[in-house]
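The values are calculated or read from the model by the stated rules, or taken from the named source; none is laboratory data. The structure displayed is predicted, hence computed values, not measured ones. As a convention, Cβ positions derive from the backbone with ideal geometry for all residues, glycine included, and neighbour counts pool all protein chains shown.
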Amino acid sequence: MTRRSAAPADGSDALFGLEALHTPDRQAASTPATDHAPGDTFRDSDTARRLLPVRHIYAEPAAAASPRGRQILERFPDAQVTEVPSHWGIPGLHGNEGNVERWVRIKAETLVLGVRKSLTARPNGRSADFIAPGPSNGCALSCAYCYVPRRKGYANPITVFTNIDRIIGYLGRHIARQGTKPEPNQCDDTAWVYDFGENGDCSVDALICDNTADLVRAFRQWPTAKASFATKFVNPDLLGYDPGGRTRIRFSLMPPEDARLLDLRTSPVPERITAAADFLDAGYEVHFNLSPVVLRPGWRAAWAELLQHLDDVLPERVKRQAAAEVIMLTHNQGLHEVNLGWHPTAEDVLWRPDIQQTKRSQNGAVNVRYRNRVKREAVEELRRLIAAHAPWLRIRYAF
């Protein structure tokens, strides 16, 4: 492996400019059409490089030696590369509480290359029929409510799994075993839906390598299945993947004032909405995640305004095929403590013990969610708002 070094023993980097995170225009991952010349990829644009100025790559030897690993190392030739035995538990990166103060800088400047060893399609039944073995874990975006960072401890930059051919091979065999979908369900009427972006943002991953493109193109060949992933980032490179109607992209939306506080480093909400028609025309099925719904003073008026904006700007062809998932906020004590170290103002709206209760998730984690009555009434209110302002928007599920 080239450019090898020992892992740093401490978090001695200078602090990221945290004051920049709290300005109204902090959603810096905007994707203007003029950012790259015709014929160039957005992945090579200045905007993409600002989002991911990778300076340090931790890599398992097998991952670095693979074709996909070599592609990534060639993309970031100036990055320092540190060989690690596993993408889990990297000293100085995972479990280092001092990294809280460098939260965003680590997400931007650090990348991990690993080999995915566990290949399992987990039954779901809500957003998708199955949660597929994803091509990555972690994210360069910095959404304050994201549950994924808790898995590796205090920092969760993108881990790219370089054995994408093995992941695709497993999915092909799993899809073949399912046969034809026997009856419609809330996931889809005819196709088995596989969500391959549960633990990251596939639109951001596409700035690093071709994993997302390979998966979209693979699903194009499987007539009984459909890929699905949620995103908060508008990456125009995906418009050239030719999904053939076999990939569902779900743009996550919330009122813009909430997103400016909570969805850091993401594409602005109006830009995600505007992109819907382009992605539909490029061959994607386009749905929306109304997620997370954060209950704070003025939330009803803010959601009504967002829904009215959707109705005003989306063309009829988008509305005819659109559907939405409504997901109320789930938070976590550990993430609350982390956020207090790097973005405490977010906790003014996320941490509401007066209306929240403890919830144990399917994976055993102890989380907090809105109390049953509060949540039930809020979901009913949001349904009323959708019926009043965007009656064309079918709700696939709400929880």
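Quick notes on this structure:
- For the criterion of being surrounded by fewer than 21 Cβ atoms within 10 Å (Cβ to Cβ), touching a helix residue (DSSP H, G or I) at 6+ places or on another chain (Cβ under 7 Å) and either over 30 Å from ARG373 (Cβ atoms) or modelled with pLDDT of 95 or more (or both), ALA259 fails.
- Boolean, THR180 is surrounded by fewer than 17 Cβ atoms within 10 Å (Cβ to Cβ) and in contact with a Phe, Trp or Tyr (Cβ under 8 Å, 6 or more places away or on another chain): no
- Note on the range 349-399: residues that are charged (D, E, K, R), exposed (fewer than 14 other Cβ atoms within 10 Å of the Cβ), in contact (Cβ under 8 Å) with a residue 12 or more places away in the chain and farther than 30 Å from VAL286 by Cβ amount to 0.
- Test: residue in the range 313-324 that is of a type outside the set (Asp, Glu), free of Cβ contacts under 8 Å to residues at least 12 places away in the same chain and surrounded by fewer than 18 Cβ atoms within 10 Å (Cβ to Cβ): no
- Any hit, the range 111-123, residues being touching a strand residue (DSSP E or B) at 6+ places or on another chain (Cβ under 9 Å), farther than 30 Å from TRP192 by Cα and either in contact (Cβ under 8 Å) with a residue 12 or more places away in the chain or not in a loop (DSSP other than H, G, I, E, B) (or both): yes
- Failed criterion for THR159 (all others in (1) within 23 Å of GLY69 (Cβ to Cβ); (2) surrounded by fewer than 22 Cβ atoms within 10 Å (Cβ to Cβ); (3) touching a residue at least 60 places away in the same chain (Cβ under 8 Å); (4) of a type in the set (Ser, Thr, Tyr) hold): (2)
- The range 74-109 - residue that is part of a loop (DSSP other than H, G, I, E, B) and in contact with a Phe, Trp or Tyr (Cβ under 6 Å, 6 or more places away or on another chain) and, of those, farthest from THR159 (Cα to Cα): ASN96
- Positions within the range 269-322 being of a type in the set (Gly, Ala, Ser), farther than 24 Å from ALA378 by Cβ and within 17 Å of the chain's Cα centre (by Cα), in sequence order: ALA275, ALA276
- If you filter the range 219-262 down to residues that are touching a Phe, Trp or Tyr at 6+ places or on another chain (Cβ under 9 Å) and of a type in the set (D, E, K, R), you find that the one that is nearest to PRO184 (Cα to Cα) is LYS226.
- Those strands (runs of 3 or more DSSP E) lying entirely in the range 332-399 with at least 1 residues under 27 Å from ALA128 (Cβ atoms) and of a type in the set (Gly, Ala, Ser): 394-398
- Residue in the range 167-180 that is polar (S, T, N, Q) and closer than 24 Å to PRO53 by Cβ present: no
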